[in-house]
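> Take this structure first; my questions come after.
The values are calculated or read from the model by the stated rules, or taken from the named source; none is laboratory data. Source: prediction; values computed, not measured. All Cβ positions, glycine included, derive from the backbone under ideal geometry; neighbour counts span all protein chains shown.
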Amino acid sequence: REYDVSGPRMLVVRERLDTKPDRGQDRSTSSVCSKEAQTISIEVEVENVGPVDLHDVEVTRDIPSQLTVAGGDSHTVNQGALTWVVGTLSPGGKRTLPLTADLVSEVIDPIDAGTTSATYRADATLSAMSVTELDAFCRGFSFMDVDEDERPDNWACQAIFENRSSFAVDLVRLQVKLAGSDDLLYDITDVEKDVLPDGIWKSSVEIVPSTEKPNFNQELGFTVIPRVTHSTNGAIELQQHVITVLEAEVNKNYSVDVLRSFREAAVDAEITVKNTGSSTVNLMRMTDDIPGLFNHPDIEQVLCSIDGKDLIRDQFRIEVKEGLSLESERVSPDGPGHTMLLTIGTKGPIGLEPGQTLTVSYPLVAPDPSPDNDVVAGPLRCDFSAERYGPVATRMLDEVPIVRVIHKRRKFSTGKEVFPAGGAGRYEVMIMFQNRSDSALEDLILHDVVPAAFEIKGYNIRSDAKGNREAEMEKEAMDDGTKVTWHLDVIEKDERIEVIYELVGDADVEYKVSEAQEFHGASFGDEVDEDLPPLPSEESQEEEPTDDEEDDDAGGEEADSDDGDDADSDAGDDAEDADSDDGDEDGDSDDGDDADDSDSDGDMDAALQQITGDEGSEEDESGDDDVVDEPAAEADAEGRTCPICSSANPEGANVCGTCSFEFE
């Protein structure tokens, strides 16, 4: 009787798979996403743990398309299946089949390594079931097979016995005679082999000559054998290994990629590693090049997190050594640079699951970047693995962060002039701003204050590069008049802007031109780097000197100012700027561009005081930037010159005879 049994074991099948066998350490089941073949090891072992011999032991294993296994002396590989014929295995016996395979994991999906199964046969029961009492009924049946031979009148006859009992029987006698004859065709005694339950015994074939179909008489004798046969047919199937694949997307960026020369700048570095594979990443090591224009990084400020959750400090270790490890060409002349070695997972597995992102951030300081830093690179290498002794994936940056240093200085000319217009109480006001910087400037805002007794009747904005420009005039009431402003998004390099508006007031109201003559300044933002990638709009931009955001007040008539001559510039820059500005001004002007005005804040304030104070300059209609002194309230040796219409008046005159300007 056949029945199924589970639980007890006669045969044990073991399979050991290692995707990094050359290390000789703990086995691993991860691989690196690559088109290159990786050598792995597979070891199949069978062991007889039962009390009897196991026969016909055979092991088969599926070979997936990602694996390549060669055949051998003890096994065959055919159509994606490996077959190992073990044969008979005695109790306690053990056999091992070592295999070497090539694994190609081109995609990140997990790889089913293949199912291993084994079959065997044993002359014993797996369940240990035994028979204590035997009671049998014999059901034997004999008959004759009669086939006509090729030659006519010859018959091939054979005696057949079928054991329909539940037990084996011993055939002790079989006699067969032709009907009507005493001659024995078969006289068989004590058949050597027992006839098993549902078994068949057949005699030899005898040729009987007869012109008619022969008939036979049989005498059969058999006995029950008092024994029970036991057998087990076993099958084992192992749960297959799953090979996970290591892959990651590694990025590094700097918060600022364009630095100003000779200005200290704070830059935030951020590294992200996104697990894009199917294997959990548990150990990671980064080799990060820090360019020489930056100071030694502060390792206490390095932060590590996974999806926003900070790792404890004991979970990562940082080492910093002098010199670069990866970059050899795009290096900084300011210093040798540093290499930061970051090991993550020192306390235990970090558990970076597929889809999660690990972030490393730290601040850097460029104390004094020189203009020679044309293109400076900060490459990174990231090595990561799933197991301590498993395969290691190495990934470089697809896009290496680049830092450039630009050497640009802001230069501008600005001024204001009031001209009498036709009729009493009518004046024309012109405000000028010219960008002499190395590049365009952002967010130009021109300011002015209209005296309380006057109002603006129309205005227009002219550009020597773009013709008429559009800008809204905003008004704000003040105690001493009305503040007006015009905002232009960008003023191009070498572009000159003139705002002209008409000022109308009560002719009977006493009016001093000096009140309207005062210029209330212009403000502008940073340079527009047209030949470089745009600067990030992050808070790090606030690291720039505050004079980028404040109003750069300037007054007088076309007074030239050079923003590059502030206290942060070194002596060489000041001298260079001063020399370049001498050609734009005549020798008597004092507009803040002298080389020594960077020596102290007091000198700069004094220069601005003169620009925005009582002294100004007069601009002719040709647009020249020459600056002349304005003797508005002083008498020369020949008389008094009107600052409005330039008419000569007698010495001691209180009112201009041409335009009625009142001298102070």
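> Scan (1) under 23 Å from the mean Cα position of the chain (by Cα); (2) within 21 Å of Ser30 (Cα to Cα) for the single condition Leu342 breaks and write down its number.
Status for Leu342: all satisfied but (2).
> May I ask you to verify whether Leu82 is assigned to a strand (DSSP E or B), free of Cβ contacts under 8 Å to residues at least 24 places away in the same chain, of a type outside the set (Gly, Ala, Ser) and closer than 30 Å to Thr232 by Cα?
Details: assigned to a strand (DSSP E or B): yes; free of Cβ contacts under 8 Å to residues at least 24 places away in the same chain: yes; of a type outside the set (Gly, Ala, Ser): yes; closer than 30 Å to Thr232 by Cα: yes.
When the stated conditions are applied, Leu82 passes them.
> It is to be established whether one or more residues within the stretch 106-116 are of a type in the set (S, T, N, Q) and assigned to a strand (DSSP E or B).
Filtering the stretch 106-116 for residues of a type in the set (S, T, N, Q) gives 115-116.
Retained after the next criterion (residues that are assigned to a strand (DSSP E or B)): 116.
Yes, some residue in the stretch 106-116 is of a type in the set (S, T, N, Q) and assigned to a strand (DSSP E or B).
> From Ile236, Ile200, Ile207, grab the single residue that is surrounded by 13 or more Cβ atoms within 10 Å (Cβ to Cβ), touching a residue at least 24 places away in the same chain (Cβ under 8 Å) and not assigned by TED's automatic domain parsing to the domain that holds Ala113.
Residue meeting the stated conditions: Ile236.
> Restricting to the stretch 356-394, give me the number of residues that are within 19 Å of Arg285 (Cα to Cα) and not charged (D, E, K, R).
Here is the first cut: in the stretch 356-394, the residues within 19 Å of Arg285 (Cα to Cα) are 356-362, 378-394.
Pick out the ones that are also not charged (D, E, K, R) and you get 356-362, 378-380, 382, 384-386, 389-394.
Qualifying residue count for the region: 20.
> Confirm whether Val320 is assigned to a strand (DSSP E or B) and of a type outside the set (Lys, Arg). Walk me through how you get there before you give the answer.
Working: assigned to a strand (DSSP E or B): yes; of a type outside the set (Lys, Arg): yes.
For Val320, the condition - assigned to a strand (DSSP E or B) and of a type outside the set (Lys, Arg) - is met.
> Also: Return the residue satisfying two criteria in turn: it lies in the stretch 184-196 and is surrounded by 15 or more Cβ atoms within 10 Å (Cβ to Cβ) and farther than 19 Å from Trp155 by Cα, and of such residues it is nearest to the chain's Cα centre (by Cα).
Going through the stretch 184-196, the residues surrounded by 15 or more Cβ atoms within 10 Å (Cβ to Cβ) turn out to be 185-186, 188, 191, 194-196.
From what is left, the residues that are farther than 19 Å from Trp155 by Cα are 188, 191, 194-196.
On the way: Ile188: 88, Val191: 82, Asp194: 76, Val195: 75, Leu196: 72 Å.
Only one residue fits best here, namely Leu196.
> Conditions: (1) assigned to a strand (DSSP E or B); (2) surrounded by fewer than 17 Cβ atoms within 10 Å (Cβ to Cβ). Val250 meets all but one. Number of the miss?
(2)
> Between residues in the stretch 298-321 that are over 21 Å from Pro354 (Cβ atoms) and residues that are in a loop (DSSP other than H, G, I, E, B) and not aliphatic (A, V, I, L, M), which pairs lie under 6 Å by C-beta distance while being six or more apart or on different chains?
Asp314/Lys347; Arg317/Thr346
> I'd like to know if the stretch 1-11 contains one or more residues that are buried (at least 18 other Cβ atoms within 10 Å of the Cβ), of a type in the set (A, V, I, L, M, F, W, C) and in contact (Cβ under 8 Å) with a residue 60 or more places away in the chain. Working first, answer last.
Initial filter on the stretch 1-11 (buried (at least 18 other Cβ atoms within 10 Å of the Cβ)): 10-11.
Then keep just the ones that are of a type in the set (A, V, I, L, M, F, W, C); that gives 10-11.
Filter once more, so that each one left must be in contact (Cβ under 8 Å) with a residue 60 or more places away in the chain: 10-11.
Yes, because at least one residue in the stretch 1-11 is buried (at least 18 other Cβ atoms within 10 Å of the Cβ), of a type in the set (A, V, I, L, M, F, W, C) and in contact (Cβ under 8 Å) with a residue 60 or more places away in the chain.
> While we're on this one: I'd like to verify a number: residues in the stretch 377-393 that are farther than 15 Å from Lys274 by Cα and in a strand (DSSP E or B), how many? Give the steps one after another, and end with the answer.
Of the residues in the stretch 377-393, the ones farther than 15 Å from Lys274 by Cα are 377-379, 387-392.
Pick out the ones that are also in a strand (DSSP E or B) and you get 377.
Result for the stretch 377-393: 1.
> Let me ask something else. Any residue in the stretch 21-47 that's in contact (Cβ under 8 Å) with a residue 24 or more places away in the chain: show its pairings with residues that are aromatic (Phe, Trp, Tyr) at Cβ separation under 8 Å, as long as the two are six or more apart or on different chains.
Every condition considered, the pairs that remain are Arg23/Tyr389; Gln25/Tyr389; Asp26/Tyr389; Ser28/Tyr389; Val44/Trp84.
> Go through the stretch 338-376 and give me each residue that's assigned to a loop (DSSP other than H, G, I, E, B), crowded, with 21+ Cβ neighbours inside 10 Å and out of contact with any Asp or Glu (no Cβ under 9 Å at 6 or more places or on another chain). First the steps, then the outcome.
Step one: of the stretch 338-376, the residues assigned to a loop (DSSP other than H, G, I, E, B) are 345-351, 353-356, 367-375.
Remaining after also requiring crowded, with 21+ Cβ neighbours inside 10 Å: 345, 350, 369, 373.
Answer for the stretch 338-376, where residues must be assigned to a loop (DSSP other than H, G, I, E, B), crowded, with 21+ Cβ neighbours inside 10 Å and out of contact with any Asp or Glu (no Cβ under 9 Å at 6 or more places or on another chain): Gly345, Ile350.
> Also, quick follow-up: What residue, of Ile406, Ile350, is under 29 Å from Phe524 (Cβ atoms), β-branched (Val, Ile, Thr) and more than 17 Å from the chain's Cα centre (by Cα)?
Working: Ile350 fails: under 29 Å from Phe524 (Cβ atoms).
On inspection, the qualifying residue turns out to be Ile406.
> Return yes when Ala159 is part of a strand (DSSP E or B) and closer than 30 Å to Gly72 by Cβ and no when it is not.
For Ala159, the condition - part of a strand (DSSP E or B) and closer than 30 Å to Gly72 by Cβ - is not met.
> Among the residues that make up the stretch 158-166, is at least one of them surrounded by fewer than 16 Cβ atoms within 10 Å (Cβ to Cβ), over 60 Å from the mean Cα position of the chain (by Cα) and closer than 30 Å to Glu47 by Cα?
no
> Could you please find all residues in the stretch 127-155 being surrounded by 13 or more Cβ atoms within 10 Å (Cβ to Cβ), touching a Phe, Trp or Tyr at 6+ places or on another chain (Cβ under 9 Å) and at pLDDT 80 or above?
The answer is Ser142, Met144, Val146, Asp149.
> Let me ask another. Does Ile461 satisfy being buried (at least 18 other Cβ atoms within 10 Å of the Cβ), assigned to a strand (DSSP E or B) and not hydroxyl-bearing (Ser, Thr, Tyr)? Quick ask: steps written out before the conclusion?
Numbers: buried (at least 18 other Cβ atoms within 10 Å of the Cβ): yes; assigned to a strand (DSSP E or B): yes; not hydroxyl-bearing (Ser, Thr, Tyr): yes.
So Ile461 passes the test.
For every residue, the table says whether it meets (1) touching a Pro at 6+ places or on another chain (Cβ under 9 Å); (2) closer than 30 Å to His230 by Cα; (3) outside the structural domain of Thr19 (by TED's automatic domain parsing).
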| residue | (1), (2), (3) |
| --- | --- |
| Thr83 | no, yes, no |
| Val86 | no, yes, no |
| Lys94 | no, yes, no |
| Glu106 | no, no, no |
| Asp109 | no, no, no |
| Ala118 | no, yes, no |
| Glu133 | no, yes, yes |
